[in-house]
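K.L.:
Got a structure here, written out as structure tokens. Questions coming.
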Amino acid sequence: MVVGESGLGKSTLINSLFLTDLYSGRTQPSADEKIMRTVSIGKKTVDIQEKGVRLKLTLVDTPGFGDALDNTESFYPILDYIDQQFEQYRMDEMGMHRTQIRDQRVHCCLYFISPYGHGLKPLDVECMRQLQDKVNIIPVIAKADCLTPAELRHKKDLIRCEIDHYQIKTFQFADCDSDDDSEWVKQDSDMKSSIPFAVVGSTTVVRDSMRNINVRVRPYPWGMVEVENPAHSDLVHLRSMLVRTHMQDLKEKTNDQLYEQYRISCM
Ligand code: GDP
């Protein structure tokens with residue numbers, strides 16, 4: 001699931017992460033429409049191949065979040081949606097075909113933080129607090145190409161401090177075992193030090209004739225930002241964590257803790 005104010009690049013990032021074009025033909029509401037708008041939930045399915053394994057992911061978008069003049073109720077449709085998926089799963093577990101349940105629970109929420117503000121906004125704090133006991137939250141700094149490396153380091157430190165200060169529960173990455181191989185330990189430490197992931201998205205693909213590959217870039221008058229270049233963006237760490245290294249952890253935490261809490265609250 002992606003959550004964050006409109007215009008922070010959520011749909012562009014989804015397209016960049018999964019190399020798709022899921023949002024073609026999307027129209028933007030006018031300012032008048034936005035004022036009256038409530039948050040809606042959009043669902044799309046994408047098939048991806050990861051190291052030869054085919055994965056079917058459901059992407060849940062939350063258009064309209066943060067658009068209204070008064071956003072105090074922005075997160076209720078999101079909470080309702082997560083609860084509905086828990087409830088569906090609970091019903092299926094009690095049904096006749098328990099072994100064939102289609103798991104539609106939300107296993108991860110990418111929470112988009114604006115690169116322009118000074119850290120978290122009150123809406124971010126409140127929304128993450130409301131979501132924290134229902135879904136694994138992974139904070140990301142949107143449009144990281146708007147920040148210089150020094151600004152980005154400062155913003156990451158600030159956001160980490162604020163998350164601690166407001167006691168927001170984000171997804172906790174498990175520590176490596178002492179006997180893990182050194183390459184994995186290095187990869188894991190690079191990934192953890194990137195949090196909150198600073199991401200850049202783009203739908204522009206150009207041919208890199210030197211390397212003979214296609215690359216997604218944001219072209220600027222002074223040069224190119226490559227969305228998959230770790231020196232420019234944490235997108236590669238984020239993708240690897242989501243679909244390779246931590247997918248199982250996200251699913252287990254959802255099942256063993258978040259769904260379990262929901263199930264107990266229903267008793
Ligand atoms: P959404 O409303 O959150 O889904 O945002 P969109 O994906 O529609 O993007 C809104 C605008 O931001 C578009 O003009 C995008 O081209 C631009 N945009 C998207 N990602 C980035 C990014 O990483 N950096 C910059 N500078 N602009 C971006």
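The values are calculated or read from the model by the stated rules, or taken from the named source; none is laboratory data. Predicted model, so just to flag it, every value in this text is computed and none were measured. In this analysis, Cβ positions are derived from the backbone assuming ideal geometry, glycine residues included, and neighbour counts consider all displayed protein chains. Ligands, DNA and RNA are excluded from the accessible area calculation, which covers all protein heavy atoms including side chains. Shrake-Rupley method; radii C 1.70, N 1.55, O 1.52, S 1.80 Å.
K.L.:
For region 220-234, how many residues are among the hydroxyl-bearing types (Ser, Thr, Tyr) and either away from the ligand (no atom under 11 Å from the Cβ) or closer than 16 Å to Ser194 by Cβ (or both)?
P.N.:
Number satisfying all stated conditions: 1.
K.L.:
Within region 88-104, does at least one residue satisfy the condition of being open to solvent by 20 Å² or more (accessible area, probe 1.4 Å), under 18 Å from the mean Cα position of the chain (by Cα), more than 16 Å from the ligand (Cβ to nearest atom) and under 22 Å from Leu242 (Cα atoms)?
P.N.:
yes
K.L.:
Taking only pairs six or more apart or across chains, which ones have beta-carbon atoms under 6 Å, a first residue in region 198-220 that is open to solvent by 40 Å² or more (accessible area, probe 1.4 Å), and a second residue that is polar (S, T, N, Q)?
P.N.:
Listed by first residue and then by second, the contacts come to Thr203/Asn15; Val205/Asn214; Arg207/Asn214; Arg218/Ser202.
K.L.:
Another question, if that's okay. Would you point out the residue of region 139-183, among those that are open to solvent by less than 20 Å² (accessible area, probe 1.4 Å) and in a loop (DSSP other than H, G, I, E, B), that is nearest to the ligand (Cβ to nearest atom)?
P.N.:
Ala142
K.L.:
Would you mention how many residues in region 245-263 are touching a Lys or Arg at 6+ places or on another chain (Cβ under 7 Å) and open to solvent by 40 Å² or more (accessible area, probe 1.4 Å)?
P.N.:
1
K.L.:
Give me the helices (runs of 4 or more DSSP H) completely within region 217-267, filtered to those with at least 3 residues that are in contact with a strand residue (DSSP E or B) (Cβ under 8 Å, 6 or more places away or on another chain), ordered by residue number.
P.N.:
Correct list: 235-240.
K.L.:
Restricting attention to region 186-197, which residues are exposed (fewer than 15 other Cβ atoms within 10 Å of the Cβ) and either touching a residue at least 60 places away in the same chain (Cβ under 8 Å) or over 21 Å from Asp145 (Cβ atoms) (or both)?
P.N.:
Lys186, Ser189, Lys192
K.L.:
I'd like the full set of residues that are surrounded by 21 or more Cβ atoms within 10 Å (Cβ to Cβ) and more than 18 Å from Asp67 (Cβ to Cβ), limited to region 109-127.
P.N.:
Hits for region 109-127 are Cys109, Leu110, Leu120.
K.L.:
Any residue in region 129-144 that is touching a Pro at 6+ places or on another chain (Cβ under 7 Å), within 27 Å of Ser74 (Cβ to Cβ) and among the basic types (Lys, Arg)?
P.N.:
Yes, there is a match, as at least one residue in region 129-144 is touching a Pro at 6+ places or on another chain (Cβ under 7 Å), within 27 Å of Ser74 (Cβ to Cβ) and among the basic types (Lys, Arg).
K.L.:
A further question follows. Test Lys192 against the stated conditions and say whether it is away from the ligand (no atom under 16 Å from the Cβ), out of contact with any strand residue (DSSP E or B) (no Cβ under 6 Å at 6 or more places or on another chain) and in a helix (DSSP H, G or I).
P.N.:
Answer is yes for this residue.
K.L.:
Considering every residue within region 61-74, establish whether at least one is more than 20 Å from Pro139 (Cβ to Cβ) and either at pLDDT 85 or above or in a strand (DSSP E or B) (or both).
P.N.:
Within region 61-74, not a single residue is more than 20 Å from Pro139 (Cβ to Cβ) and either at pLDDT 85 or above or in a strand (DSSP E or B) (or both).
K.L.:
Only one of (1) in contact (Cβ under 8 Å) with a residue 12 or more places away in the chain; (2) among the small types (Gly, Ala, Ser); (3) away from the ligand (no atom under 16 Å from the Cβ) fails for Ser265. Which number is that?
P.N.:
(1)
K.L.:
Okay, moving on. With respect to the numbered conditions (1) away from the ligand (no atom under 16 Å from the Cβ); (2) under 18 Å from Ile14 (Cα atoms); (3) open to solvent by 50 Å² or more (accessible area, probe 1.4 Å); (4) not β-branched (Val, Ile, Thr), which one is the sole condition not fulfilled by Asn136?
P.N.:
(3)
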